[in-house]
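*Asks:* Take this structure first; my questions come after.
Every read-out reported here was derived from the displayed coordinates using simple, explicitly stated rules and does not represent laboratory data. Everything numeric in this text was worked out from a predicted model, so none of it was measured. All Cβ positions, glycine included, derive from the backbone under ideal geometry; neighbour counts span all protein chains shown.
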Amino acid sequence: MTIELVTDRLVLRPLAPEDFEPHAAMMADPRVARFLTPDRSPQARPAAWRAFASMIGHWPMRGFGFFSAFERSGGQWVGRVGPWMPEGWPGLECGWGVAPAHWGKGYAGEAAIAAIRWVFDLKPDLPRIISLIDPLNEKSQAVARKVGETRTAERFRFDENTTLDVWAADRKAWLKRFG
Ligand SMILES: CC(C)(COP(=O)(O)OP(=O)(O)OC[C@H]1O[C@@H](n2cnc3c(N)ncnc32)[C@H](O)[C@@H]1OP(=O)(O)O)[C@@H](O)C(=O)NCCC(=O)NCCS
């Protein structure tokens, strides 16, 4: 079964091997890498490939995963957005990363709302969705607010250099607002 989510301006479908090139280009950009790679440095292609392969593999292992978002007009690849819960994660996260050429258009939030709705529907017992956000990442915090999440008092220590804020939205309130 093909999964496809359609919003006003975007089409989302599960991340697929053919998305590697635009995804690698996004991860090689220092503005994106600052908040999305483990060492905060632009990702070289070998590391980008390994990370990308794990995101593709997340789909069969968990039954959900990142979506690629494309502009409906013109079909350009915009970014990766969606549910993600690798081993050791503090909850089911909705993550977002948008290619800088498409920043500032509200795409991350538009895609995230569709992805969160999809995952709440897929998992009727899921009590909340979280996002793990660096305290310095103001743009991502703005996206989190727009998609109905608030900053909790919880922190997630990703590694010795990075502790992330846990933002969250409770299922019931979220569905009332966006469902
Ligand atoms: C975070 C990211 C996904 C946002 O994508 P986007 O599609 O540009 O998001 P939006 O267009 O909705 O803009 C985000 C909001 O940030 C606001 N913003 C922009 N620059 C800002 C700044 N310097 N400080 C605070 N807010 C800022 C915008 O005004 C917008 O809010 P608004 O719509 O209420 O005006 C994108 O910047 C990105 O991929 N960054 C690198 C990777 C990353 O940080 N991922 C998230 C990890 S938790």
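*Asks:* Running a GNM on the chain with Cα contacts under 10 Å, which residue among 82, 63, 97 ends up with the highest mean-square fluctuation?
*Replies:* Among 82, 63, 97, the largest mean-square fluctuation in the Gaussian network model of the chain belongs to 63.
*Asks:* Where in the chain lies the longest segment free of trypsin sites (Lys or Arg not before Pro) that are both loop residues by DSSP (not H, G, I, E, B) and have at most 16 other Cβ atoms within 10 Å?
*Replies:* Excluding the exposed sites themselves, the longest stretch runs over 106-179.
*Asks:* Now for a separate question. At a threshold of 8 angstrom on Cα-Cα distance, excluding pairs fewer than six apart, so keeping six or more, what relative contact order does the chain reach in percent?
*Replies:* The value is 17 percent.
*Asks:* Find how much the distance from residue 146 to residue 39 grows on full extension, using 0.36 nm per residue of separation minus their present alpha carbon separation; answer in nm with one decimal. Please report the intermediate quantities before stating the final value.
*Replies:* Details: separation 107, 0.36 × 107 = 38.52 nm, distance 2.76 nm.
Separation in residues times 0.36 nm, less the Cα-Cα distance, equals 35.8 nm.
*Asks:* Which percent, nearest 5, of DSSP beta bridges in the chain are antiparallel?
*Replies:* 95
*Asks:* Right, something else. Can you work out the FRET efficiency for the pair residue 177 and residue 71, with r the C-beta to C-beta distance and R0 = 22 Å, to the nearest 0.05? Please list the in-between numbers first.
*Replies:* On the way: r = 26 Å, r/R0 = 1.17.
Result of the calculation: an efficiency of 0.30.
*Asks:* On to the next question. Structure shown: which of 146/176; 123/172; 105/139; 105/146; 139/172 lie over 18 Å apart, alpha-carbon to alpha-carbon?
*Replies:* Details: 146/176 15 Å; 123/172 13 Å; 105/139 12 Å; 105/146 13 Å; 139/172 26 Å.
139/172, as the Cα separations exceed 18 Å there.
*Asks:* Still on this structure, please answer the following. Compute the distance from the alpha-carbon center of region 149-179 to that of region 33-82, in whole Å.
*Replies:* Here the two parts' Cα centres lie 20 Å apart.
*Asks:* Which loop GluC sites (Glu not before Pro) in region 72-124, with loop taken from DSSP, have no more than 14 other Cβ atoms within 10 angstrom of their Cβ?
*Replies:* Numbers: sites: 87, 93, 110; in loops: 87.
Passing sites in region 72-124 are 87.
*Asks:* Of all alpha-carbon pairs in region 71-179, indicate the percentage at a distance above 18 angstrom.
*Replies:* Of the Cα pairs, 48 percent sit more than 18 Å apart.
*Asks:* How many times 2.2 N^0.38 Å is the alpha carbon radius of gyration of region 5-126?
*Replies:* Expressed relative to 2.2 N^0.38 Å, the Cα Rg reads 1.00.
*Asks:* Next question. Around residue 168, what is the net charge, scoring Lys/Arg as +1 and Asp/Glu as -1 over all other residues with Cβ under 11 Å from its Cβ?
*Replies:* Around residue 168, the surrounding residues sum to -2.
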